[in-house]
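Enquirer: Just passing along the structure, written as structure tokens.
The values are calculated or read from the model by the stated rules, or taken from the named source; none is laboratory data. Bear in mind that the values here come from a model prediction, so they are computed numbers and not experimental data. Neighbour counts run over all protein chains shown; Cβ positions are idealised from the backbone, glycine included. The accessibility values were calculated without ligands, DNA or RNA, using every heavy atom of the protein model including side chains. Shrake-Rupley method; radii C 1.70, N 1.55, O 1.52, S 1.80 Å.
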Amino acid sequence: MNLLKQLLNSFWKPLVLATITGLISGITTTGLIAVISGKIINPTFTLQLTGFFFGLCFFKLTTGIISRVLLIRLSQKIVLDLRMMLSRQILASPLFHLEYLGNHRILASLIDDIETLAKAAQVLPAFCGDIAIVTSCLLYLAWLSPILFIIILSSISIGIFSYQVISNRAFRYLKQARSQQDKLFKYVNTLTAGIKELKLNQQRRQNFLIDGLYDTAQNYRRHNINSMTIFAVAATWGHILFFLVVGIVLFGLPLISSIQPAILSSYAITIIYLISPLDYMMSVLPMISGAIVALQTIEALQLSLASSPQETLLNFEFESALTCQSLQLSGVTHTYYHEPEDRAFKLGEINLTLFAGEITFIAGGNGSGKSTLVKILAGLYFPEVGEIFLDNQRITSEMREWYRQHFSVIFSDFYLFETLLKGKTTATDKKADDYLIKLQLDKKVRFRNNEFSTNVLSQGERKRLALLNAYLEDKAIFIFDEWASDQDPIFKNIFYTQLLPELKARGKIVIAITHDDQYFHTCDRLIKLDYGKVVYDSMNSVSALSFT
Ligand SMILES: Nc1ncnc2c1ncn2[C@@H]1O[C@H](COP(=O)(O)OP(=O)(O)OP(=O)(O)O)[C@@H](O)[C@H]1O
């Protein structure tokens, strides 16, 4: 459990402090029990003992509060740090690894695993407090009578072992339930993203509900019931075990050896007192086991391994130039290895130099590798072979983050942020207003204080807003992945004949993936891909464009 080790390493100081105060609090509890049992055996009043008793009460109060407060703060800090660490690792992981995991697994961990850990963190302070009480009570028992303690400890060890054997099975079911949770997130995703299609098709809806969602939810329920039942059996067994231990002390031991009644009664009182903390500990063990499964699941995402150290430098500020002269791919390839080998798609090798003030169109059939090429160009996929040069400077792995800051990309499945980066763009309200007019959005959207008034717009309008965003970011390289496909004919025309030439005139490197062959004459260079290979590459020449 590397993650656990990592957490313990970061928080060892407050953890040690909380443990020490918890132990002191536990020892004080034991002291109180010793005084009480002593008083039951010998009821004579002494002022000293009374003072000692109330002194212990006060000490227990203060150390108990300090220890609990420390643990509450610690557990909540661990949850916060885990949430942030997971989010940072997701941001720092290579895109292809995240695509391989799938959104559902990432969401399940971010929401469900963190929630499970948060719940366990809530019970952890009381759990640790009880460990301290149990430990100190056991030490007290050992001090009372070492021989009796060995007998008791052997019985307790047998009990813990049998509890462990039973609960191991429960742990396996918990793991199976957690793997169903990933599937459930996938179905929930389908439910929201595919709601229109599901509403329209009764048969599909039925299949989705019964064969998909219901089956998985049933499995999840079944595994959870199994694990909870086993935990409940183990807890009840553990509970009765302590009465058995009291039975051994009271009825069994006097038969074998003579033990002072005072010690016997102190033993019985202490063990009966222990039942309450032990009961609590056993009742929260399923939660703690769930947290262990959650930690293992987060580890299985292998985000920490996948994160490249260069990409974890997320807080660094990068200066990116407004223009750059050239962008070169030299012998670059990319393969999707997660597919079976004979079907793995390979892009490349690609040799390409793009220049400032040049519009390049990338065309090709579906699945020919256009979007993959864009992801490589933008530095989202790393070339498995080959090099990338920006202004003749080779992009090393340390420079990737800096390199990516030169791009404004509008993907075909783009995400539209409602706000712009404060203080990081040249955005002014006036500039944004001008762009809103240019993009014919001024009647619908207003832009004030770095925020758009709405993003409840049609798909074509949302893409225009994404373009406005890109304009305001004013990066050196603009990439459009089928941007015009959602635009009406009039605006499509404006895009190809006005907007792209304007970017070209401003010295930008402009790359557009497009199927609009009627506008191929507007580009400076056309590249055609077919099954991952460049099959056509030309500077603009109308006669050469007739391949489509
Ligand atoms: N995340 C992925 N994992 C595995 N294989 C992928 C992944 N993304 C794409 N592919 C494979 O790579 C091929 C090229 O995909 P890509 O999205 O680059 O094509 P495209 O030319 O942009 O297609 P379209 O015009 O349909 O958008 C696809 O046929 C698919 O098999």
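Enquirer: Provide the per residue accessible area, probe 1.4 Å, for the range 45-157, rounded to a whole number of square angstrom.
Expert: I get 53 Å² per residue for this part.
Enquirer: Given a Förster distance of 25 angstrom, what is the FRET efficiency for LYS346 paired with ASP537, based on the Cβ-Cβ distance and rounded to 0.05?
Expert: Plugging the Cβ-Cβ distance into 1/(1 + (r/R0)^6) gives 0.85.
Enquirer: Given the whole protein assembly as supplied and a 1.4 Å probe, what does the accessible area of SER485 come to in Å², nearest 10?
Expert: Counting only protein heavy atoms, the figure is 70 Å².
Enquirer: What percentages, rounded to whole numbers, describe P(r) for the range 316-547 computed over all alpha carbon pairs with 10 Å bin width beginning at zero?
Expert: 7, 32, 36, 20, 5, 0
Enquirer: How much of the DSSP beta bridge set in the chain is antiparallel, as a percent to the nearest 5?
Expert: Of all bridge pairs located within the chain, approximately 55 percent are antiparallel.
Enquirer: Turning to a different aspect of this structure: Would you mind calculating the gained length between LYS13 and SER485 on full extension (0.36 nm times residue separation, minus the Cα-Cα distance), in nm to one decimal?
Expert: 164.1 nm
Enquirer: So which of LYS199/LYS370; LYS13/LYS77; LYS375/LYS508; LYS431/LYS463; LYS463/LYS508; LYS375/LYS533 end up more than 22 Å apart by C-alpha?
Expert: Pairs exceeding 22 Å: LYS199/LYS370.
Enquirer: Taking 0.36 nm per residue of sequence separation and subtracting the Cα-Cα distance, how much length would be gained by fully extending the chain between GLU451 and VAL188, in nm to one decimal?
Expert: So the chain would gain 91.6 nm between GLU451 and VAL188.
Enquirer: Let me ask something else about it. Ordering LEU439, LEU61, LEU124 from largest to smallest accessible area (1.4 angstrom probe), what's the sequence?
Expert: LEU61, LEU124, LEU439
Enquirer: Also: Quote the accessible area belonging to MET287 in square angstrom, nearest 10, computed with a 1.4 Å probe and with ligands, DNA and RNA left uncounted.
Expert: Counting only protein heavy atoms, the figure is 80 Å².
Enquirer: Considering the Cα positions of the chain, please state its Rg to one decimal place and its Dmax as a whole number of Å.
Expert: Considering the chain through its Cα atoms, Rg and Dmax are 33.5, 114 Å.
Enquirer: Of all DSSP beta bridges located in the range 316-547, what percent are antiparallel, nearest 5?
Expert: In the range 316-547, DSSP labels about 55 percent of beta bridges as antiparallel.
Enquirer: Kindly provide the helix-only [θ] at 222 nm of the chain, computed as the sum of -39,500 (n - 2.57) over DSSP H runs of four or more divided by all residues, to the nearest 500 deg cm²/dmol?
Expert: -19500 deg cm²/dmol
Enquirer: Can I ask one more? Which Cα, out of LEU213, TRP143, LEU98, lies furthest along the positive dipole direction of the range 86-216 (beta carbon charges, K/R +1, D/E -1)?
Expert: LEU213
Enquirer: Which cross-chain or sequence-distant (5 or more) residues have an amide H under 5 Å from the amide H of ALA512, H modelled 1.01 Å from N in plane?
Expert: THR360, PHE361, ILE362, PHE480
Enquirer: Calculate the dipole size of the chain relative to its Cα centre from +1 charges on Lys and Arg beta carbons and -1 charges on Asp and Glu beta carbons; express the result in debye to the nearest 20.
Expert: Here the chain has a charge dipole of around 1500 debye.
Enquirer: Related question: Order TYR336, TYR471 by their accessible area, 1.4 angstrom probe, all chains in place, largest first.
Expert: Sorted by accessible area, descending: TYR336, TYR471.
Enquirer: Further question: Taking trypsin sites (Lys or Arg not before Pro) that fall in a DSSP loop and have at most 11 other Cβ atoms within 10 Å as cut points, what is the longest piece of the chain between them?
Expert: Here the longest segment lacking exposed loop sites spans 1-421.
Enquirer: To continue, here is another question. Roll a 1.4 angstrom probe over the protein heavy atoms and tell me the percent of accessible area of the range 316-547 that is carbon or sulfur.
Expert: That share works out to 49 percent.
Enquirer: When the convex hull of the Cα atoms of the range 3-153 is projected onto a plane and the area is averaged over all directions, what value comes out in nm²?
Expert: The number I arrive at for the range 3-153 is 12.1 nm².
Enquirer: Separate question: For the range 56-168, give the magnitude of the charge dipole about the Cα centre (Cβ charges: +1 Lys/Arg, -1 Asp/Glu; no others), in debye to the nearest 20.
Expert: Roughly 320 debye, rounded to the nearest 20.
Enquirer: Taking the full set of protein chains and a 1.4 angstrom probe, give the accessible area of ASP182 in square angstrom, rounded to the nearest 10.
Expert: So the heavy atoms of ASP182 present about 30 Å² to solvent.
Enquirer: How far apart, in nm, are the 7 Å Cα→Cβ label points at GLN302 and PHE59?
Expert: The two pseudo-label positions are separated by 5.4 nm.
Enquirer: Restricting things to Cα coordinates, could you compute the convex hull volume per residue of the range 2-310 in Å³?
Expert: 156
Enquirer: Using Cα pairs under 8 angstrom and six or more residues apart, how large is the relative contact order of the chain, in percent?
Expert: Across the chain, relative contact order equals 15 percent.
Enquirer: Give the calculated FRET efficiency between TYR100 and ARG506 to the nearest 0.05, with a Förster radius of 45 Å applied to their Cβ-Cβ distance.
Expert: So the FRET efficiency works out to roughly 0.75.
Enquirer: Top to bottom by accessible area (1.4 Å), largest first, where do LEU47, LEU250, LEU148, LEU380 land?
Expert: Result of the area sort, largest leading: LEU47, LEU250, LEU380, LEU148.
Enquirer: Pick out, from SER154, PHE59, LEU529, the residue whose Cα sits farthest towards the positive end of the charge dipole of the chain, with +1 on the Cβ of Lys and Arg and -1 on the Cβ of Asp and Glu.
Expert: So the residue furthest toward the plus end is PHE59.
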